[in-house]
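> Pasting a structure below so you can have a look.
The values are calculated or read from the model by the stated rules, or taken from the named source; none is laboratory data. Note that this is a predicted model, so its numbers are computed, not measured. All Cβ positions, even for glycine, are placed from backbone atoms using ideal geometry, and neighbour counts span all protein chains on display. The area values use the complete protein model at the heavy-atom level, side chains included, leaving out ligands, DNA and RNA. Shrake-Rupley method; radii C 1.70, N 1.55, O 1.52, S 1.80 Å.
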Amino acid sequence: MISDFERRLADVLSARLPAPFTGRVDVPPGSLPGNGPRILVGVTQVQGADGQFGSVRPEVVPGANDPRRVLRLSCAVTVEVRAGAPANNRTQQMQGLEQVMYLLDAPDLRSGQALASGAPADPGFFIQSLTLGESIAPIDPTLDDALPVTVSARADGYFWPIGVVGQAGIAIGEIRLRGASLPLAVAAAAPLIAGAPPVNLTVQVGVGTFGTFALIDKPALPFGSLAFSVVDAGGRPGKGTLIGAVDNVRLVPLADNSATVSYDPPDEPAEDVLVVMLDDGAGGAGIEIGRAPLRVRGA
């Protein structure tokens, strides 16, 4: 995981740096032969990072088609520049420092793309961003208490053990959505008069979907039912009622883009409201999709 990232970053820098640093980048403790300059790359601090929008779900990452459980980490990276013979050659150290800083700020390294390109099929990491940090370059590197010449960066991404098995599940064959085009059209079969017999109210909707998410060889499913309710201006049960309603909810299957309910006017003038909803799939009212005023006048 983290060590695989260190190795890959060292390889990329080693291939891209100009002479005399070409091929002279390694991971700690470093085992490069010869007396030439050496550059060491290592992760020196790691902390957990929050997923995008707080996500903790498995992720599809290189090396497996199934989602894997990953560590979301933010890693502090330190690149140390060591001069060749003579030791503590500050001029050479500064040249290496400048070249490393310039390379780390390359667009394809900042995005992590340079680390993914040419990496093993299952690299053990996926870097989403690499950000250049501060650098340290002592004025006199020969002093006993002089700090190493270093460049810092921060890498954010996903990490996982190479070869870990993904979490397989049931593949989604299709997703079907239903929706109704607005506005709705509501037509009464007769005037609404106080004390009069029930009046049929026909609701016409334009039925469609918000997108095509079904397998093309599957037949269309029935739309289902609309749910109706009558309330007053304050959302309380209306003065009139719907024939056949249970707890002020009447379910009617939608056929040919329309559904009809029977409204029983009250014995006195009223200002009711017909509320039209999708059914919730369990015999009740779901999402509201429209309203229509029901003005009952006196006889």
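> Counting only heavy atoms of the protein chains, get the accessible area per residue of region 1-40 (1.4 Å probe) and round it to a whole Å² value. Could the numbers behind the result be given before it?
Values: 1850 Å² over 40 residues.
Ligands and nucleic acids excluded, the result is 46 Å² per residue.
> Largest first and to the nearest Å, give the Cα extent of the chain along each principal axis.
Largest to smallest, the principal-axis extents are 110, 43, 26 Å.
> Another one. Expressed as an acute angle from 0 to 90° and rounded to the nearest 10, what is the orientation of the C-alpha long axis of helix 2-16 relative to the principal long axis of the chain?
For 2-16 against the chain, the angle is about 60 degrees.
> Quick one: in region 40-145, what % of C-alpha pairs are over 22 Å apart? Spell out each step's value before the answer.
On the way: 2591 of 5565 pairs.
Tail of P(r) above 22 Å: 47 percent of Cα pairs.
> With a 1.4 Å probe and every protein chain kept in, tell me what percent of the accessible surface of the chain is carbon plus sulfur. Present the calculation step by step, with values, prior to reporting the outcome.
On the way: 9160 of 16550 Å².
Result for the chain: 55 percent of the exposed heavy-atom area is carbon or sulfur.
> To continue, here is another question. What whole number of Å gives the distance from the Cα centroid of region 76-101 to the Cα centroid of region 15-74?
20
> Let me ask something else about it. To the nearest 20 Debye, how big is the dipole of the chain about its Cα centre, given +1 on the beta carbon of each Lys and Arg and -1 on that of each Asp and Glu? Mind dumping the intermediate values first?
On the way: 22 positive and 30 negative charges, 72 e Å.
It comes to approximately 340 debye.
> Then there's this: Tilt of helix 90-104 relative to the longest C-alpha principal axis of the chain, in degrees (0 to 90, nearest 10)?
20
> Can I ask one more? Using a 1.4 Å probe, what is the accessible area per residue for region 79-164, in Å²?
Working: 4370 Å² over 86 residues.
Roughly 51 Å² per residue, with all protein chains present.
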